[in-house]
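Asker: Below is one structure. I have some questions about it.
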Amino acid sequence: MDISLILQKHYNQLRQQLSPQNAALLQQWETLKEQYSGADLAYTVRNKTISQPLTTTSLSGTKIPKVVLPQYADWGDVLRWQLQENVPGEFPYTAGVFPLKRDGEDPTRMFAGEGGPERTNRRFHYVSHGQPAIRLSTAFDSVTLYGEDPALRPDIFGKVGNSGVSIATIDDAKKLYSGFDLCAPNTSVSMTINGPAPMLLAFFMNAAIDQECEKWISQHEQWPRVEEYAQAKFERLPKPAYHNPLVPETLPPGHSGLGLRLLGLSGAEVLPPEAYAKCRQTALQQVRGTVQADILKEDQAQNTCIFSTEFALKLMGDVQEFFIAEKVQNFYSVSISGYHIAEAGANPITQLAFTLANGFTFVEYYLSRGMHIDDFAPNLSFFFSNGMDPEYSVIGRVARRIWAKAMKYKYNANERSQKLKYHIQTSGRSLHAQEIDFNDIRTTLQALYAIYDNCNSLHTNAYDEAITTPTEESVRRAMAIQLIINRELGSAKTENFMQGSFALEQMTELVEEAVMIEFDRLNERGGVLGAMERMYQRNKIQEESMHYETQKHTGELPLIGVNTFLSKSGSPTILPGEVIRSNTEEKAQQIANLEAFWERNALQSQESLDRLRQVAIANGNIFAELMHTVQHCSLGQITTALYEVGGQYRRNM
Amino acid sequence: MKPNAPHNIRLVTAASLFDGHDAAINIMRRILQSHGAEIIHLGHNRSAKDIVETAIEEDAHGIAITSYQGGHVEFFKYIKDLLDESGCGHIKIFGGGGGTILPEEAAELHQYGICRIYSPDDGRTMGLEGMITHLLQQCRPEPDGPFWKAEASWDNLAPLGEHKDIRRIARAITHAELGNPSMPQSLPARTAPVLGITGTGGAGKSSVTDEIVRRFLNSFLDKTVAVVSVDPSKKKTGGALLGDRIRMNSISHPRAYMRSLATRLDNTALSGHVQEALDICKAAGFDLVILESAGVGQSDASILDHCDLSLYIMTPEFGAASQLEKINMLDYADVVAINKYDKAGSADAVADVCKQYKRSRNLWTAANHELPVVGTMASKFNDEGINHLFDLLLEKLASKCQAHFGRYAFGSTAKVSQAIIPPKRTRYLSEIADTVRQYNSMVTQQAEVASKMYQLDGAIKICQTPQQHD
């Protein structure tokens, strides 16, 4: 027989063993390569076709491709690459969830929060001034983080507005985000809040709705009527005002005035019901942002739980159900966070494994409540830390790939649900109080990891964070770090610059399998919740923290300017020169505002709280009710009411 | 009054209000324990009043707090103020907050009477051990020092808005523990019933106790309760972790008193001075006294010597049913709670315990639901099982001890209709791991096939190419 016929027979037999999908991948390979060698790439995102150039040009005139495909000839290599790597935007999304980065929107997102809402509003306008996209990230003070109201009691008073902004009422939230159009497609707001997340989210949503109401009033020239109503209302009751005691005379530069004209009022009071309903719908469907609301990592690492874990999870499920019912599609209902797990001392593998496991726990819980995977998976987002360890170079790749595989093959989810999107903050723990100038170097390298890994959003820490709250100057430098990488660094113009590295590919495989092994360990302990009951996660995080501290202490883990390469003076701990503390006047103003809010709402607050408790007792959607409750009740009032029906968090050790 | 030495140092440890950073204080308290201190650990997010009330009720020598969230100056000063107002300025205050507490702030606090704020530089120069030794030295009460002198200065007003003078109750127990002549009792001995709670380690005794206390305080608005809780001392170091308060949310209450005792030299589930402590609480006029033992083994039933009514708490994970035959408390307990009732096999566990309960009491014909054996989930808010347990306990207190507290009703609570993860889905992580691994082996296998096809394709092409000869 002719040798080629024998070969052909073997070939045909093998062809039978190749799955149709994989045969198709091989067949389309040349077309794909061709697509990426053109000038532009057209692709579809949520029914919109976007076309973007595929190259940039360097000063030397070199055409720099944004996405480079491998030169493999062997079909096995080609197939493996497509199945495990693929171009950005294609399953399993190892290289990224979008085909190309958006033009004109850097992933920059800077954390801010200090003093009262007015001061933080000013900082927000400062950091976003001149930026094409408004990406605000809100740090709340610890009083707010624990769901309480500011008060004169000294152990509370001292913490009001420290290391975060004090927000106790809907009016505080309106001031905080005023002057930004919360429903604009280029505005996105993230809120770092967990225990009381549903309440703060309801504050935010109401603030956005009332901004839409303001726009409606302007469009329909109804201000005279509204102002008349307001005047009558505030004749008897204290009138709220935007007042920054530090800069009393002016609004911050860039402030449009939007969001301040309905202080003390709800759009529901002054708009015709159908107009209000329309504004509400528009706002809910358009607002972009993220609320952290990850109660599992709180119990494992961060300790800002306030409600019993079961009740806290029920609240999260209620938020998600509300999002589905009201078609809130541009807002992440949770930011499943590994950052705090890493900050508490976990190594990158543990961070990734615990966080993904927590994510799948939310998935299982929401499924068990009868929600459809494709209705809620797009509302989930992730948040990781990037430190110095080698595994951080692949944390996004591994996360995306595990998520996509599980979503597609375990949960039969659609493409949108398969795409894991995540925010990176560079590691605060990796910054040191000695030789603090060196910290920017660490942050730069971590930011480079993050940008090469196509994170969807990035916060770079300020070099002085190890010793104090960052100043405007240090925050500006931190922002410059990512701007320099994104705009100046030539290699970052290629959006898959690291793809094809032998080291990176192997690291991806190793970390993926290490995460699977950790899943097995959690599974042996009854899953995430069973492991939590035994304090497995906490203990593991503590052990890894000790391992790091020991190596730092012995010098086995070299830290430049900390345990080696010390300066002539021994690289002493740096004390902060300028310390930002909220001032007494601001704190007093917050408390006075709160008391005025109580007075304005004295008639409605008890009834609102009763209704909230009733909804909880009847197993109704607590978040849907909170959307009303927050119009009349302060954060602390709501927390107390919910403790009565849902139970307080029980500490453990 | 001359105290008997030696004296175990008792310290309250906590992280400050609205502060979740508990890693440092956890390390500190462990070292303190290893140096022989008795640690009443409150955990994170504790208010100044919580901490001060605990320190007074526990008759502690000192308080050690970490604060990393700012507001430390106000926080520490407020603690000092509350202690001074309560006539307990003898309780020493220690703190740390890494770099968040500036040197000038630390100096201001020292000036104000805070014993010591440890700085990162102290950490470097003294070392952890050095800091702990320093702290303990400061706490050791001198004979005739402020710790002992304090009681002479106390008026008869209860501090911190408490219903009773928690200082004198606390001090009386301290004297009892040291074998000093007891203080004169201001009140005649009363006969409050003592509820004894015992059970295996990790069964959730303190959570159940907390849930009972919460229901008691909410149900009877004029009644008071005292809890005496015992934890073991470590033989090796003499130190003890008195950790029950960390799980207690309801104990910081004007009508509640709690005292944690270490077993000290005694090798049992109870301290040798537990009866004196109970008598002091009775004499102080509490309406109900609860004694919670340390975790016990199968044979320990010592709590019966001290209580009028006993509750035995266990979990469904006791192994084979025959293990139950060895548990002494099952023969004597008035009520048995099987906690963590959400665990697999709970219904069987209750049935097995009922069988043993009947066997040991010759109640062959009793129906299971008539027996005082309850499945509970203390981790669940307002759990029906705990409600039932509370009903049972009150019934028994009335019938066995003639203690009648009045009518009560439980508040309604939010319904969480179902388990967070349904039992049949608990293997989800393993399923995901399988999915990922299956995918990866599919890739390896298919890439191999494709590779061979590529080789054959190449070979076929070579065969088909006409050979060229020179």
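Each value in this text was obtained by applying a stated rule to the coordinates, not by laboratory testing. These figures come from a predicted structure and were not determined experimentally. As a convention, Cβ positions derive from the backbone with ideal geometry for all residues, glycine included, and neighbour counts pool all protein chains shown.
Asker: For every other residue with a beta carbon closer than 9 angstrom to the beta carbon of residue A:347, add +1 if it is Lys or Arg and -1 if Asp or Glu, then tell me the sum.
Answerer: So the environment of residue A:347 carries a net charge of -3.
Asker: Under 17 Å from the 7 Å Cα→Cβ point of residue A:247, by amide nitrogen: which residues of the stretch A:85-125?
Answerer: Output list for this probe position: A:112-125.
Asker: Viscosity 1.567 mPa s, temperature 4 °C: what is the translational diffusion coefficient of the stretch A:108-195 from Stokes-Einstein with a Kirkwood Rh over Cα pairs, rounded to a whole number of µm²/s?
Answerer: Values: Rh = 13.2 Å.
Rounded, D is 98 µm²/s.
Asker: Please list, ordered by chain and number, the residues whose modelled amide H lies under 5 Å from the amide H of residue A:110; skip anything fewer than 5 residues away on the same chain.
Answerer: A:137
Asker: Then there is this: Where does chain A land at 222 nm, in deg cm²/dmol rounded to the nearest 500, when only DSSP H runs of n ≥ 4 count, each adding -39500 (n - 2.57), divided by all residues?
Answerer: Roughly -15000 deg cm²/dmol at 222 nm, from the helical runs in chain A.
Asker: Ignore the peptide's own chain and count Cβ atoms of other chains within 10 Å of each Cβ in A:512-524; give me the average, rounded.
Answerer: What the average comes to for A:512-524 is 4.
Asker: Let me confirm one metric for peptide A:71-84, namely the mean number of other chain beta-carbon atoms within 10 Å of its residues' beta-carbons.
Answerer: So the per-residue partner count for this stretch is 5.
Asker: Say R0 is 60 Å: what FRET efficiency, to the nearest 0.05, do residue A:569 and residue A:501 get from their beta-carbon distance?
Answerer: Using R0 = 60 Å, I get an efficiency of 0.90.
Asker: Return the tail of the calculated pair distribution for the stretch A:360-476, meaning the percent of Cα-Cα pairs more than 16 Å apart. The partial results should precede the final answer.
Answerer: Details: 4323 of 6786 pairs.
Distances greater than 16 Å cover 64 percent of the Cα pairs.
Asker: Sticking with this one: Work out, step by step, the length gained on full extension between residue B:180 and residue B:104: first 0.36 nm times the residue separation, then minus their alpha carbon distance; give nm to one decimal.
Answerer: That works out to 23.0 nm of additional length.
Asker: Test of understanding: ordering B:214, B:425 by Cβ neighbours within 10 Å, fewest first, what list do you get?
Answerer: Details: B:214 21, B:425 15.
The most exposed by this proxy come first: B:425, B:214.
Asker: Another question, then. Give the Rg (one decimal place) followed by the Dmax (whole number) of the stretch B:325-419, computed from C-alpha coordinates and expressed in Å.
Answerer: That works out to 14.7, 41 Å for Rg and Dmax.
Asker: Taking only DSSP H segments of four or more residues, each worth -39500 (n - 2.57), what value at 222 nm results for chain B once the sum is divided by all its residues, to the nearest 500 deg cm²/dmol? Write out the running numbers ahead of the final one.
Answerer: Numbers: 13 runs with 187 residues, N = 470.
Calculated mean residue ellipticity at 222 nm is -13000 deg cm²/dmol.
Asker: If I stretch the segment between residue A:17 and residue A:34 completely, what's the gain in nm (0.36 nm per residue apart, minus their alpha carbon distance), one decimal?
Answerer: 3.4 nm
Asker: Taking θ = phi - 60°, what integer Hz values does the Karplus form 6.51 cos²θ - 1.76 cosθ + 1.60 yield along the stretch B:350-364, in sequence order, with x for Gly and Pro?
Answerer: These are the phi-based 3J(HN,Hα) values: 4, 4, 5, 5, 4, 4, 5, 4, 5, 4, 6, 10, 6, 9, 5 Hz.
Asker: Could you tell me what % of all Cα pairs in the stretch B:427-470 have separations over 13 Å?
Answerer: Counting pairs separated by more than 13 Å, the tail of P(r) holds 68 percent.
Asker: Pull up all non-local amide H partners of residue A:434: gap of 5 or more, or a different chain, and H-to-H distance under 5 Å with H placed in the peptide plane.
Answerer: Here A:574 satisfy the definition.
Asker: Something else: Roughly speaking, what is the stretch gain from residue B:30 to residue B:142, that is 0.36 nm per residue apart minus the C-alpha to C-alpha distance, in nm to one decimal?
Answerer: Computed gain between residue B:30 and residue B:142 is 37.8 nm.
Asker: So what is the relative contact order of the stretch B:1-84, in percent, for Cα pairs below 8 Å that sit 6 or more residues apart? Write out the running numbers ahead of the final one.
Answerer: Values: 126 pairs, mean separation 33.0, N = 84.
Contact order relative to length: 39 percent.
Asker: Provide the per-residue ³J(HN,Hα) series for the stretch A:390-404, in order, calculated from phi with Karplus coefficients 6.51, -1.76, 1.60 and θ = phi - 60°, each as a whole number of Hz, with x at glycine and proline positions.
Answerer: Going residue by residue, I get x, 4, 5, 5, 10, 4, x, 4, 5, 4, 4, 6, 5, 4, 5 Hz, with x marking Gly and Pro.
Asker: Please list, ordered by chain and number, the residues whose modelled amide H lies under 5 Å from the amide H of residue A:140; skip anything fewer than 5 residues away on the same chain.
Answerer: Close amide H contacts, sequence-distant or interchain: A:165, A:192.
Asker: Helix B:103-112: angle to the longest alpha-carbon principal axis of chain B, degrees 0 to 90, nearest 10?
Answerer: 20 degrees
Asker: Compactness ratio of chain A: Cα Rg over 2.2 N^0.38 Å, N = residue count? Write out the running numbers ahead of the final one.
Answerer: Working: Rg = 26.2 Å, N = 653, 2.2 N^0.38 = 25.8 Å.
For chain A, the normalised Cα radius of gyration is 1.01.
Asker: Label points 7 Å out from Cα along the Cβ direction at residue A:281 and residue B:395: separation in nm?
Answerer: 5.6 nm
Asker: Further question: Go ahead and run the numbers for FRET between residue B:407 and residue B:384, Cβ-Cβ distance against an R0 of 25 Å, rounding to 0.05.
Answerer: 0.80
Asker: On a 0 to 90° scale, report how tilted helix A:3-17 is relative to the longest principal axis of chain A, with both axes built from alpha carbons and the result rounded to the nearest 10.
Answerer: Once rounded, the angle reads 20 degrees.
Asker: For the stretch A:262-316, evaluate the Debye formula with one uniform point scatterer on each Cα (no solvent term) and list log10 I(q)/I(0) at q = 0.14, 0.22, 0.26 Å⁻¹, rounded to two decimals.
Answerer: So the normalised log intensities are -0.64, -0.81, -0.94.
Asker: With labels modelled as points extended 7 Å from the Cα through the Cβ direction, what inter-label distance (nm, one decimal) is found for residue B:448 paired with residue A:560?
Answerer: For residue B:448 paired with residue A:560, the spin-label model returns 4.6 nm.
Asker: Could you list, bin by bin from short to long, the percent of Cα-Cα pairs of the stretch A:448-546 in 5 Å steps?
Answerer: Once binned at 5 Å, the Cα pair distances of the stretch A:448-546 give 2, 10, 12, 12, 12, 14, 16, 13, 7, 2.
Asker: Still on this model: Between beta-carbons, use under 12 Å as the cut-off and find the net charge around residue A:84, counting Lys and Arg +1, Asp and Glu -1.
Answerer: That works out to -1.
Asker: Just need log10 I(q)/I(0) for the stretch B:259-391 at q = 0.14, 0.19 Å⁻¹, Debye formula, equal scatterers on the alpha-carbon atoms, no solvent, rounded to two decimals.
Answerer: Summing over Cα pairs of the stretch B:259-391 leads to -0.71, -1.17.
Asker: Quick one: what do you get for the stretch A:519-560 if you divide its Cα Rg by 2.2 N^0.38 Å? Before the final figure, lay out the partial values.
Answerer: Working: Rg = 14.2 Å, N = 42, 2.2 N^0.38 = 9.1 Å.
So the stretch A:519-560 has a normalised radius of gyration of 1.56.
Asker: Can you bin every Cα-Cα distance in the stretch B:134-173 into 5 Å intervals starting at zero and give me the percent of pairs per bin, rounded to whole numbers?
Answerer: 5, 20, 23, 21, 14, 11, 4, 0
Asker: Stokes-Einstein D for the stretch A:1-48 at 20 °C, 1.002 mPa s, Kirkwood Rh over Cα pairs, in µm²/s?
Answerer: Using the Kirkwood radius from Cα pairs, D works out to 155 µm²/s.
Asker: Within 12 Å, Cβ to Cβ, of residue A:431, how many net charges do the neighbouring residues add up to if Lys/Arg are +1 and Asp/Glu are -1?
Answerer: Charge balance near residue A:431 sits at -4.
Asker: Summarise the long-distance tail of P(r) for the stretch A:152-266 by giving the % of C-alpha pairs beyond 22 Å. Numbers along the way, then the final one.
Answerer: Numbers: 2706 of 6555 pairs.
In whole percent, the share of Cα-Cα pairs in the stretch A:152-266 beyond 22 Å is 41.
Asker: Enter the mean projected area of the convex hull around the alpha-carbon atoms of the stretch B:129-243, in nm², rounded to one decimal.
Answerer: With the hull built on Cα positions only, its mean projection is 10.6 nm².
Asker: Taking θ = phi - 60°, what integer Hz values does the Karplus form 6.51 cos²θ - 1.76 cosθ + 1.60 yield along the stretch B:53-68, in sequence order, with x for Gly and Pro?
Answerer: 4, 4, 4, 6, 4, 8, 6, 6, 8, x, 10, 10, 10, 9, 9, 10
Asker: Please sort by residue number the chymotrypsin sites (Phe, Trp or Tyr not before Pro) in the stretch B:347-447 whose DSSP state is loop and whose Cβ has at most 13 other Cβ atoms within 10 Å.
Answerer: B:364
Asker: Tell me the chymotrypsin sites (Phe, Trp or Tyr not before Pro) within the stretch B:244-320 that lie in a loop according to DSSP and have at most 10 other beta-carbon atoms within 10 Å.
Answerer: Taking the stretch B:244-320 and a limit of 10 other Cβ atoms within 10 Å, no loop chymotrypsin sites (Phe, Trp or Tyr not before Pro) are found.
Asker: Roughly what % of DSSP beta bridges within the protein assembly as shown run antiparallel, to the nearest 5? Working shown, then result.
Answerer: On the way: 12 of 92 bridges.
Of those bridges, close to 15 percent are antiparallel.
Asker: Follow-up question, since we're still on this one. If I take every Cα pair under 8 Å that is 6 or more residues apart in the stretch A:111-270, average their sequence separation and divide by the length, what percent do I get for the relative contact order? All intermediate terms of the calculation are to be shown ahead of the outcome.
Answerer: On the way: 229 pairs, mean separation 46.5, N = 160.
Once normalised by length, the contact order is 29 percent.
Asker: Evaluate the distance, in nm, between pseudo-label points positioned 7 Å from the Cα of residue A:3 and of residue A:231 along their respective Cα→Cβ axes.
Answerer: With each label point 7 Å from Cα toward Cβ, the separation is 10.2 nm.
Asker: Please go through the stretch A:485-594 and write out the trypsin sites (Lys or Arg not before Pro) that DSSP classes as loop and that have at most 10 other C-beta atoms within 10 Å.
Answerer: Answer in residue order: A:568.
Asker: In percent, how large is the relative contact order of the stretch A:495-653, given Cα pairs closer than 8 Å and 6 or more residues apart?
Answerer: 12 percent
Asker: Any chance you could get the radius of gyration and Dmax over the Cα atoms of the stretch A:533-581, in Å?
Answerer: Considering the stretch A:533-581 through its Cα atoms, Rg and Dmax are 16.2, 50 Å.
Asker: Please pull out the direction-averaged projected area of chain B, using the convex hull of its alpha-carbon atoms, in nm² to one decimal place. Walk me through the numbers on the way to the answer.
Answerer: Details: hull surface 147.3 nm².
Across all orientations, chain B yields a mean hull projection of 36.8 nm².
Asker: Can you figure out the FRET efficiency of residue B:465 with residue A:618, using R₀ = 56 Å and their beta-carbon distance, to the nearest 0.05?
Answerer: Details: r = 80 Å, r/R0 = 1.42.
So the FRET efficiency works out to roughly 0.10.
Asker: Where the eigenvalues come from the Cα gyration tensor of the stretch A:255-391, what are the semi-axes √(5λ) of the equivalent ellipsoid, largest first, in whole Å? Provide the component values of the computation, followed by the final result.
Answerer: Details: eigenvalues 218, 69, 40 Å².
For the stretch A:255-391, the semi-axes come out at 33, 19, 14 Å.
Asker: Here's something else I'd like to know. In vacuum, with every alpha carbon of the stretch A:184-235 counted as one equal point scatterer, what does the Debye formula give for log10 I(q)/I(0) at q = 0.15, 0.30, 0.31 Å⁻¹? Two decimals, please.
Answerer: So the normalised log intensities work out to -0.62, -1.11, -1.14.
Asker: Follow-up question, since we're still on this one. Give the span of the protein assembly as shown's Cα atoms along each principal axis, as three whole-Å numbers ordered largest to smallest.
Answerer: Principal extents (Cα only, largest first): 120, 81, 71 Å.
Asker: Right, here's the next one. Quick one, what does Rg over Rh come out to for the stretch B:8-142 if you take C-alpha atoms and the Kirkwood Rh?
Answerer: Here the Rg-to-Rh quotient is 0.91.
Asker: I would also like to ask the following. Tell me the Kirkwood hydrodynamic radius of the stretch B:94-184 in angstroms, computed as one over the mean inverse distance between distinct C-alpha pairs.
Answerer: Result for the stretch B:94-184 stands at 16.0 Å.
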